[in-house]
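What follows is calculated from the coordinates using simple rules that are stated; it is not laboratory data. Just so it is clear, the structure is predicted and the values come from calculations on it, not from any experiment. Every residue, glycine as well, gets a Cβ built from its backbone with ideal geometry; the counts of neighbours run over all protein chains shown.
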Amino acid sequence: MPTLDAHDPTIPGGRGDALDVLVIGAGQAGLAIAYHLRRAGLRFLVVDGAAELGASWRDRWDSLTLFTPAQYDALPGLAFPAPADTYPTKDQVADYLRSYAATYELPVLLGTRVTTLRRAGDRFAAHTTQGVLQARQVVVATGPFQVPVVPAYGTAIHDSVTQLHSAAYRNATDLPAGPVVVVGAGNSGRQIALELATTHDVTLAVGTRSLQLPQRLLGRDLFWWLTTLGVIDKSGSSLLARRMRARGDLVIGSRLRALAGAGVTVRPRTTAASGDTVTFADGTVVQAPSIVWATGFRSDYPWIEVPGVVVDGRVEHTRGITRVPGLTFIGLPWQHTRGSALLGFVKDDAAWLAGKILATQVTTRAAHRGGETSGVPISRSER
């Protein structure tokens, strides 16, 4: 893995001649836009703090599978290598991302976490764990799953209780024998509760009653209906999208009735916890040696030291374009549509955003490239 050095001629952006574009994050969103930047001939680099491509997928719980079938899981240019109407595992997704970067020879520098991003005149300076990179434009593609969230009352639970966030849960052997409370009934919470029900006495705390949809309807997968009817492409400002967002994220498959049939006890939201007991909104109290917090994530952008971009923890943007010229985002939930943060649908945002980036590069590209080839070849170990 190369180390960034101001005098290293193999690393663009680590010296005086700035990159056209720096992409921060090598997940599906970062790779999708990198595909278009490569085709456009721009000088760019993708950096990621992980040691391997697909790490954010490979590090999730063992039995995780996508709820989108394989035919809807492709990034631009490369079909997902699995039969239609099968549901890829998280390791298959990680392998696909690695293969994707290698297929298109995308310049990915791993083990390179951006610690600070600042504006530096007409450029951006990205301070990383391997040095400083200069770029005229930056795309932040760090994804929606950054910092696990646990309710404040979790601190009142006794140290003898095993607590895991869904981000740290791998399988049922992570938890001791006895009852388990799973807090949070989104897709992750329901899948984990259903898995644990085969070995534990499980109580699932349901806060928001999200819209439940079946995985298959009239012989077709749900995503066939969503794409055919144009639902997945509705912009976030449409009436339908506003109604969907008001009801929380879609829950696909795992209906509460099915979970109850599998032995999961369904309760309303948790309101308090103390010692080894959890209290629910209906007054029920459950004593449990284990708790799984499927309570989501929050964004984390303190490293972005560019005024006017992140306000009260939220990115201020229009379809990923911020008020700061040259600074854009991709892969945010509802960045434009329901599919903006989904593996097989982020390609639409990537194509649109890449077009906007290229439009701002046209008048300066020839002078800045100086005849060099686009991107940086990556070594076999980085692919």
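With the convex hull of the Cα atoms taken as the outline of segment 113-247, the averaged projected area works out to 14.0 nm². Relative contact order for segment 116-182: 16 percent, from Cα pairs under 8 Å spaced at least 6 residues apart, divided by residue count. Against the main long axis of the alpha-carbon atoms of the chain, helix 28-40 sits at an angle near 20°.
Taking label points 7 Å from Cα along the Cα-to-Cβ direction, residue 262 and residue 287 give a separation of 2.8 nm. For segment 12-87, the calculated P(r) over all alpha carbon pairs, in 5 Å bins from 0 to the bin holding the longest distance, is 3, 13, 18, 20, 19, 12, 7, 5, 2, 1 percent.
Multiplying the sequence separation of residue 225 and residue 173 by 0.36 nm and subtracting their Cα-Cα distance, what value in nm do you get?
Details: separation 52, 0.36 × 52 = 18.72 nm, distance 3.73 nm.
This chain segment gains 15.0 nm when fully extended.
One equal scatterer on each Cα of the chain, no solvent, Debye formula: the resulting log10 I(q)/I(0) at q = 0.06, 0.07, 0.08, 0.14 Å⁻¹ is -0.26, -0.35, -0.46, -1.23. Relative to the longest principal axis of the Cα atoms of the chain, the long axis of helix 187-196 makes an angle of roughly 50 degrees.
Which order do the peptides 327-333, 229-235 take when ranked by the mean count of other beta-carbon atoms within 10 Å per residue, highest first?
Values: 327-333: 23.3, 229-235: 15.1.
Taking the mean over residues of other Cβ atoms within 10 Å, the ranking is 327-333, 229-235.
Subtract the Cα-Cα distance of residue 277 and residue 156 from 0.36 nm times their separation in residues, and report this length gain in nm to one decimal.
Values: separation 121, 0.36 × 121 = 43.56 nm, distance 0.98 nm.
Difference between extended and current length: 42.6 nm.
Axis angle, to the nearest 10 degrees, between helix 346-361 and the longest C-alpha principal axis of the chain: 30 degrees.
Judged by the mean number of other Cβ atoms found within 10 Å, the most tightly packed of the peptides 71-80, 137-146 leads the ranking 137-146, 71-80.
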